[in-house]
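The values are calculated or read from the model by the stated rules, or taken from the named source; none is laboratory data. A quick note: this is a predicted structure, and the numbers were derived from the prediction, not measured. FYI the Cβ positions are ideal-geometry reconstructions off the backbone, even for glycines, and counts take in every protein chain you see. Remember, those area values only see protein heavy atoms, side chains included, never the ligands or the DNA or RNA. Shrake-Rupley method; radii C 1.70, N 1.55, O 1.52, S 1.80 Å.
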Amino acid sequence: MTSHSYPSIAETSCPSQAHLQVVKRGGCKQKIKAAVLLSLAEELQFYILGFLSCRDILRCTSVCKALRQTYLSSSELQYIVELSGQQLLPVPNIDNHTPISERLQLLRDKAHAWFKFNHHSLETVSIPEELYYAHKIVTRGRLCLWNQDLAAIIPILPKSPQQTVKRWQRPLSSVMSVPHLDKLDVLMDPAQNLIVVVYVDDGTLRIDLRALNGDGVHPQAAGPRLFLSVLQGYQEHQIDTENANLKGFGRYIALWRTSLSFNLWQLQIWDWQHSTTSNCFLSGDLGPIDFCFLGNNRLLVVGDTLNLYSIEDMSQMPQLLACFLIPIPLLPTRCFLPTEPQMQAQQMYTSDPEHRLLCMTTFLDDTFESVVYIISTRIFFDLDGLAVATPIPWNRWGPSNTRIFKHDLELKVHLSGNRVLQALPVDTSDLGSIHYILHMMDFSPLAVTNRRGLRRVVKEPSRIDISDLTDGSQEAQSLITSLPYVEVVSDREFKADELGDIWIDKDRVYFFLTDYESDRAFEPSGKLGVIDV
């Protein structure tokens with residue numbers, strides 16, 4: 001498991017007997033004489049090379065000047081390389097008549113715009129006073145909020161007049177079959193017109209599904225309620241659920257819950273459009289602490305180790321695919337890998353689930369330090385030759401596929417695709433006057449090679465001291481990681497009490513701003529800051 005780099009395009013002569021060994025996208029290897037390929041009409045050369053992967057296209061263009069010129073003359077071939085280099089996938093079967101040359105330029109312009117994102121383009125969206133202290137998340141260009149009384153979805157500055165997104169706000173009791181009970185968690189998915197509420201009714205955990213735009217059952221749901229599997233040796237009404245966490249990914253809804261009284265956890269996944277019950281669940285003594293979906297058929301459970309499961313067959317329990325050892329204890333932790341928006345008619349590409357980033361953060365209460373893991377998800381899909389029963393040592397998978405950052409204070413972080421946004425403390429010497437700056441990192445291969453001198457490329461390995469983060473059983477007292485990236489640092493500073501949560505997606509940076517008014521000292525008002533890229 002090593003890091004991947006892209007071959008460069010070299011200007012060399014083309015020997016007449018040179019062979020190109022290429023791998024077509026179906027996986028079939030084939031050798032082609034370079035001279036034979038060059039004897040064909042240019043249009044046929046474009047057509048043949050278009051069946052190849054990005055890596056093989058670049059290998060072919062490195063053989064000789066003629067093939068390099070062929071590549072430079074074809075927007076289609078450059079588009080394939082650009083998509084792959086930014087670790088994106090084309091969206092199939094879209095009704096889009098934009099010429100490939102324009103798509104290529106738009107893709108390049110967008111990538112380079114991130115190298116110089118400008119906080120002076122800041123706009124703000126007001127948040128209703130009754131939802132200021134609500135749970136907040138930005139998803140698919142909307143701000144979703146909920147508290148014990150209300151849920152709301154606020155559209156964020158549509159990018160064009162054609163995008164009409166209506167504001168939505170309702171009492172949560174109106175979407176619950178048993179109203180006026182304390183809610184443990186709420187999941188809102190505007191792209192699927194879905195809201196899910198989990199709460200306890202007379203000792204029984206209930207998971208209700210409703211449509212955002214109506215009062216009845218969601219038209220695509222198998223039913224109005226999801227049912228938990230009964231754990232062996234327990235009755236559902238006996239288990240007191242202290243914490244619950246809902247996550248969704250397309251047709252999947254997952255619920256994580258813990259019971260301190262019984263010292264157990266349970267994770268269950270449903271295909272909510274096809275069944276209200278599920279045999280796809282895991283449970284055990286308290287230990288694992290978070291989870292996330294990795295595409296449509298894989299699930300990662302984070303604990304003392306990273307356990308990768310297949311959920312392709314929902315009729316059975318998740319199947320363990322691999323176990324990855326980690327060098328630093330992750331208690332407590334937050335693990336997230338943002339989902340992609342539902343495909344829109346005008347959307348031309350989406351991030352590749354096999355080449356995204358996963359972020360894991362842990363905050364140490366005793367030292368006030370935070371540790372952030374940035375991990376390339378390619379390691380969870382490249383499992384050839386690995387035995388399920390054998391844990392994979394950190395030294396085998398970790399150093400070249402991760403970057404680990406250690407900070408003196410808890411920091412704010414979010415990611416989208418291959419970009420990571422952090423709010424970093426500038427000076428921690430005086431805890432009463434801490435300021436933050438926005439720090440963006442782009443881990444896509446082409447960002448590292450095509451930054452055009454705009455920002456700093458970080459390729460050198462980084463080392464962090466872990467002597468104070470382990471129990472002394474670790475032989476190594478430091479960790480070295482080397483996943484390359486390009487960094488962009490904003491020059492604006494935010495006061496610690498001014499900056500709340502932060503988010504990033506493919507078009508914007510978002511951050512929650514607090515504004516303490518002098519005449520209402522303990523009643524802050526809030527806004528969502530938006531930087532359009």
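The residues on offer are 367, 339, 350, and the sole one that is more than 28 Å from residue 445 (Cβ to Cβ), at pLDDT below 90 and either touching a Leu at 6+ places or on another chain (Cβ under 8 Å) or in a loop (DSSP other than H, G, I, E, B) (or both) is 367. Could you tell me whether residue 297 is more than 21 Å from residue 334 (Cα to Cα), among the polar types (S, T, N, Q) and touching a residue at least 40 places away in the same chain (Cβ under 8 Å)? No: the conditions fail for residue 297.
Among the residues of the stretch 48-64, those identified as open to solvent by 20 Å² or more (accessible area, probe 1.4 Å) and among the polar types (S, T, N, Q) are 53, 62.
Condition (residue is in a strand (DSSP E or B), among the charged types (D, E, K, R) and within 25 Å of residue 290 (Cβ to Cβ)) applied to the stretch 226-245: is it met by at least one residue? There is no residue in the stretch 226-245 that is in a strand (DSSP E or B), among the charged types (D, E, K, R) and within 25 Å of residue 290 (Cβ to Cβ).
For residue 89, indicate whether it is in contact with a strand residue (DSSP E or B) (Cβ under 7 Å, 6 or more places away or on another chain) and modelled with pLDDT of 90 or more. When the stated conditions are applied, residue 89 does not pass them. Selection of the stretch 223-247 for residues being in contact (Cβ under 8 Å) with a residue 40 or more places away in the chain and out of contact with any Leu (no Cβ under 9 Å at 6 or more places or on another chain) yields 227, 229.
Scanning the stretch 290-326 for residues that are more than 18 Å from the chain's Cα centre (by Cα) and part of a loop (DSSP other than H, G, I, E, B) turns up 303, 304, 311, 312, 313, 314, 315, 316, 317, 318, 326.
Screening residue 250 on (1) touching a residue at least 40 places away in the same chain (Cβ under 8 Å); (2) among the small types (Gly, Ala, Ser); (3) open to solvent by less than 20 Å² (accessible area, probe 1.4 Å) shows it passes everything except condition (3). Each residue in the stretch 257-277 was checked for being surrounded by fewer than 21 Cβ atoms within 10 Å (Cβ to Cβ), at pLDDT 90 or above and outside any strand (DSSP E or B), and 5 of them qualify. If you scan the stretch 170-223, which residues turn out to be assigned to a helix (DSSP H, G or I) and either out of contact with any Lys or Arg (no Cβ under 9 Å at 6 or more places or on another chain) or of a type in the set (S, T, N, Q) (or both)? Result: 173, 174, 192. Of all residues in the stretch 98-113, those that are under 16 Å from residue 87 (Cα atoms) and at pLDDT 85 or above have Cβ atoms under 9 Å from Cβ atoms of residues that are open to solvent by 40 Å² or more (accessible area, probe 1.4 Å) and among the aromatic types (Phe, Trp, Tyr), 6 or more apart or on another chain, in 103/349; 107/349. Inspect the stretch 295-316 for any residue being within 25 Å of residue 396 (Cα to Cα), open to solvent by 40 Å² or more (accessible area, probe 1.4 Å) and touching a strand residue (DSSP E or B) at 6+ places or on another chain (Cβ under 8 Å) and give the result as yes or no. Within the stretch 295-316, one or more residues are within 25 Å of residue 396 (Cα to Cα), open to solvent by 40 Å² or more (accessible area, probe 1.4 Å) and touching a strand residue (DSSP E or B) at 6+ places or on another chain (Cβ under 8 Å). The criterion of being among the hydrophobic types (A, V, I, L, M, F, W, C), under 28 Å from residue 123 (Cα atoms) and open to solvent by 30 Å² or more (accessible area, probe 1.4 Å) does not hold for residue 146. The set of residues in the stretch 56-86 that are outside any helix (DSSP H, G or I), at pLDDT below 85 and over 25 Å from residue 418 (Cβ atoms) comprises 63, 64.
Which residue is modelled with the lowest pLDDT, if the candidates are limited to the stretch 19-47 and must be of a type in the set (A, V, I, L, M, F, W, C) and crowded, with 16+ Cβ neighbours inside 10 Å? Here the answer is 22.
Being in a loop (DSSP other than H, G, I, E, B), touching a Phe, Trp or Tyr at 6+ places or on another chain (Cβ under 9 Å) and either at pLDDT below 75 or closer than 20 Å to residue 357 by Cα (or both) is a description that applies to residue 523.
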